[in-house]
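Asks: Right, I'll just put the structure down here and ask away after.
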Amino acid sequence: LREEERKAWLDKDRRYVWHHMQPYAASRNPLIITGGDGAWVTDLEGNRYLDAMSGLWCVNLGYSEKELAEAAYDQLRQMPYYPLTQSHLPAIALSEKLNEWLGGDYRIFFSNSGSEANEVAFKIVRQYHAQNGEPTRWKFISRYRAYHGNSMGALAATGQAIRKQHYEPLAPGFVHVPPPYCYRCPFGKARDACDLECASIFEQVIQWEGPETVAAVIMEPTITGGGVIVPPPEYMKRVREICDRYGVLLIVDEVICGFGRSGKPFGHQNFNVEPDLVTMAKGITSAYLPLSATAVRAELFDAFKDDHPYAHLRHVNTFGGNAAACALSVRTLELMEQRKLVDRARELGEKLERLLEPLRNHPLVGDLRFFGFMAGIELVIDKQRKTPAPADVVGRVIAACKNRGVLIGKNSDTVPEQNNVLTLAPPFVISDEELEWLAKVVIEAVREAR
Ligand code: PLP
């Protein structure tokens, strides 16, 4: 494009487009992305960037998978839309495939986004308890630092103060507990000398709230956007046991951890727990079309079979389970199976860990955390005191990566002084050489920021 055409697009962007999450000043100079190829994106000026965040942790198959586009196109020509008040073949096929990936017996409810998948989970859980003879169970427990979505219920479940400012009051009935944040243990314990107080706190809080009022716990297998906070190996199992003891359901938010990102089909499979509900989005279509799902253990569905005229779930969304999105999702999962991309993601994650190891001794790096094919690099300015690196230092590392052609992320708005974790979650189609270069760039950028 000629210079004046590029400028015209930017002027129109500045005039008409409201950018997600961006402060005004930052939103004035967006990357305007026009194309993609594998793990790379190209902007309006022709600059190429290696997208080490897969967009928003979602473009797992990269930016140029023609087979996905074709799956959607074929379905759009065959039958573009029909609501899931009835049914269609792509939704049936995808529900079956999701059950294979989950390795259990689940009913699938389709929506369009991760937030909606969580909202649906909350409604299902409350109605389930009401129809299962326990109508007083209505509260949800989640963790500080977790993100569960933007809508009034999903944001209420979220444990990040800045995200909520000016939007409160949100949905009532959401209670938070501290995260399993070993680097900054909220219970003051050392990593190898604790009794999983971060898990036991669920029991304490259930008792304090009154067990008969607690409906469910919602958690990601690893807190992702909140700073790649990886729990101790036994944590999730312990929480599951506590839930079982008190008749509390367990909702696992697999919006990011699902579909191979964790090195297994779903994140919770790393911890040997069986959730009651699983919510998923993002990688379900590798982000090529909007789609999300709430998978519900089949026994729970029994409570919705009653003859009473209102015993069914009275929830519909026009676009949820869109036929083209479902067909594209089936193709996504088939390609992942054929190309063994879950195993590949695990290998890539192990390799990334080896490559970034030299950072561990760097004075700016307080902690390095890995889960499957994602990494969190926690920056501090005083390693002894673990003082979080301020925004300008974090910003300098991100800018230094971008200047070299690599887009990395950081944790989302928890509180102003705690957005100090760099995040990496590259597409699974990245090559070994590209990953090596990416790690080199990140290491250089950290060294330069000091
Ligand atoms: N849950 C988690 C763990 C997420 O990371 C996100 C989005 O980043 C959501 C839910 C909400 O998904 P969406 O943005 O599709 O509504």
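Asks: I want to confirm something. Restricting to the stretch 1-30 and keeping residues that are of a type in the set (D, E, K, R) and part of a loop (DSSP other than H, G, I, E, B), which single residue is surrounded by the fewest Cβ atoms within 10 Å (Cβ to Cβ)?
Replies: Residue satisfying both the conditions and the ranking: Arg2.
Asks: A further question follows. Cβ-Cβ distance below 7 Å, separation of 6 or more or different chains: which pairs start in the stretch 251-270 with a residue that is assigned by TED's automatic domain parsing to the domain that holds Gly153 and end on one that is within 11 Å of the ligand (Cβ to nearest atom) and hydroxyl-bearing (Ser, Thr, Tyr)?
Replies: Ile251/Thr279; Asp253/Thr279; Glu254/Thr279; Val255/Thr279; Ile256/Thr224; Cys257/Thr222; Cys257/Thr224; Gly267/Thr222
Asks: Tell me, yes or no, whether the stretch 346-363 has at least one residue that is of a type in the set (A, V, I, L, M) and either more than 27 Å from Pro221 (Cβ to Cβ) or under 18 Å from the mean Cα position of the chain (by Cα) (or both).
Replies: no
Asks: Moving on. If the Cβ limit is 8 Å and pairs must be 6+ apart or interchain, which residue in the stretch 142-159 that is on the phi > 0 side of the Ramachandran plot and outside the structural domain of Ala117 (by TED's automatic domain parsing) pairs with which residue that is in a loop (DSSP other than H, G, I, E, B) and within 11 Å of the ligand (Cβ to nearest atom)?
Replies: Final answer for the pair search is none.
Asks: Can you report the number of residues in the stretch 290-310 which are in a loop (DSSP other than H, G, I, E, B) and surrounded by fewer than 21 Cβ atoms within 10 Å (Cβ to Cβ)?
Replies: Number satisfying all stated conditions: 7.
Asks: Here are some residues: Leu68, Leu102, Leu94. Which one is within 26 Å of Ile223 (Cα to Cα) and under 24 Å from the mean Cα position of the chain (by Cα)?
Replies: Result of the check over Leu68, Leu102, Leu94: Leu102.
Asks: Take the residues in the stretch 122-133 that are in contact with a Phe, Trp or Tyr (Cβ under 9 Å, 6 or more places away or on another chain) and of a type outside the set (Lys, Arg), then tell me which one is nearest to the ligand (Cβ to nearest atom).
Replies: The residue in question is Phe122.
Asks: Hey, another quick one. Among the residues of the stretch 52-71, which ones are more than 16 Å from the ligand (Cβ to nearest atom), closer than 25 Å to Phe373 by Cβ and of a type outside the set (Ser, Thr, Tyr)?
Replies: The answer is Ala52, Leu61, Gly62, Glu65, Lys66, Glu67, Leu68, Ala69, Ala71.
Asks: Within the set of pairs 6+ apart or on separate chains, which have a first residue in the stretch 376-387 that is without any contact (Cβ under 8 Å) to a residue 60 or more places away in the chain, a second that is among the hydroxyl-bearing types (Ser, Thr, Tyr) and in a loop (DSSP other than H, G, I, E, B), and C-beta atoms under 9 Å apart?
Replies: none
Asks: Any residue in the stretch 96-107 that is under 30 Å from Ile242 (Cα atoms), within 16 Å of the ligand (Cβ to nearest atom) and in the same structural domain as Leu291 (by TED's automatic domain parsing)?
Replies: There is no residue in the stretch 96-107 that is under 30 Å from Ile242 (Cα atoms), within 16 Å of the ligand (Cβ to nearest atom) and in the same structural domain as Leu291 (by TED's automatic domain parsing).
Asks: List the pairs whose first member sits in the stretch 106-124 and is among the basic types (Lys, Arg), whose second member is more than 8 Å from the ligand (Cβ to nearest atom) and part of a helix (DSSP H, G or I), and whose Cβ atoms are under 7 Å apart, counting only residues at least 6 apart or on separate chains?
Replies: Final answer for the pair search is Arg107/Ala298; Arg107/Phe301.
Asks: Let me ask something else. Out of all the residues in the stretch 149-169, which are more than 13 Å from the ligand (Cβ to nearest atom) and among the charged types (D, E, K, R)?
Replies: Lys164, Glu168
Asks: Can you pull out the helices (runs of 4 or more DSSP H) entirely within the stretch 60-169 that have at least 1 residues that are exposed (fewer than 14 other Cβ atoms within 10 Å of the Cβ)?
Replies: Where helices (runs of 4 or more DSSP H) fall fully within the stretch 60-169 and carry at least 1 residues being exposed (fewer than 14 other Cβ atoms within 10 Å of the Cβ), they are 66-78, 89-102, 161-164.
The values are calculated or read from the model by the stated rules, or taken from the named source; none is laboratory data. Here the structure is a predicted model, which means the values were calculated and not measured. Quick reminder, even Gly has a Cβ in these numbers, built from the backbone with ideal geometry, and neighbours come from all protein chains shown.
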